[in-house]
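To start, the structure under review is shown below, and the notes come after it.
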Amino acid sequence: MKNIDNKYSWTEWRKFPDPRKGEYLFAPFGYGVYQLRNNKTNEFILFGSGKNLAYRMSSLLPKPFGQGTRNNEEKREYVLNNITNIEYRTVAFISINEMKDCEQELKQLKIHKFNT
């Protein structure tokens, strides 16, 4: 992970917001990549990217809390069921190609519970 940690300007790890408590999500409004981990189990959970990362990350929770579409309900339920232990970090990009390169590097690490 050191290489990807040093290669990109990641934010610090933050507690994933619980919408039931009115908490805030801090994420790029444009191109970006996110990564989630469970701080209780020390597992990397999932990662992803989006042209509007803040909106894309809102799909990480099941409805009525999350927005947008996601093909895997298991991911959404996992995040909600473990929300008190979930942390996230993000990195912003100017180009879609840089964003996709970063996401591909994360995928190749094969360290995430949901590696899609």
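What nm distance separates the two modelled labels at Gln67 and Thr116, each placed 7 Å from Cα along Cα→Cβ? According to this spin-label approximation, the distance is 2.4 nm.
Return the calculated 222 nm mean residue ellipticity for the chain, to the nearest 500 deg cm²/dmol, obtained by summing -39500 (n - 2.57) across DSSP H runs with n ≥ 4 and dividing by the residue count. Only helices count here, giving -8000 deg cm²/dmol. Among Ile45, Ile83, Ile94, which one shows the biggest mean-square fluctuation in a GNM of the chain, springs joining Cα atoms closer than 10 Å? Result for the chain, Cα springs under 10 Å: Ile94 fluctuates most.
The slack in the chain from Ile94 to Tyr55, taken as 0.36 nm per residue of separation less the alpha-carbon distance, amounts to 12.4 nm.
Students often forget the sequence filter, so: which lysines lie under 18 Å Cα-Cα from Lys40 once same-chain residues fewer than 8 apart are removed? Hits, sequence-local ones excluded: Lys15, Lys75, Lys113. Each Cα pair under 8 Å and six or more residues apart adds its separation to the average, and for the chain the resulting relative contact order is 36 percent. Is region 8-51 best put as rounded, prolate or oblate by its Cα gyration tensor, with a ≥ b ≥ c the root eigenvalues, rounded for a/c under 1.5, and otherwise prolate when a/b is larger than b/c, oblate when not? It is oblate, given that a/c is not under 1.5 and a/b is not larger than b/c.
Taking label points 7 Å from Cα along the Cα-to-Cβ direction, Lys107 and Glu77 give a separation of 2.5 nm.
If you line up the long axis of helix 96-109 against the longest principal axis of the chain, both from Cα atoms, how many degrees apart are they, to the nearest 10? Once rounded, one gets 80 degrees.
Checking (i) 17.0, 56; (ii) 13.1, 37; (iii) 13.2, 45 against Rg and Dmax of the Cα atoms in Å calculated from these atoms, the matching label is (ii).
Just so you know, all these numbers are worked out from the coordinates, no wet-lab data involved. Remember, predicted model here, so these are calculated numbers, not experimental data. Cβ atoms come from the backbone with ideal geometry, glycine included; neighbour counts cover every protein chain shown.
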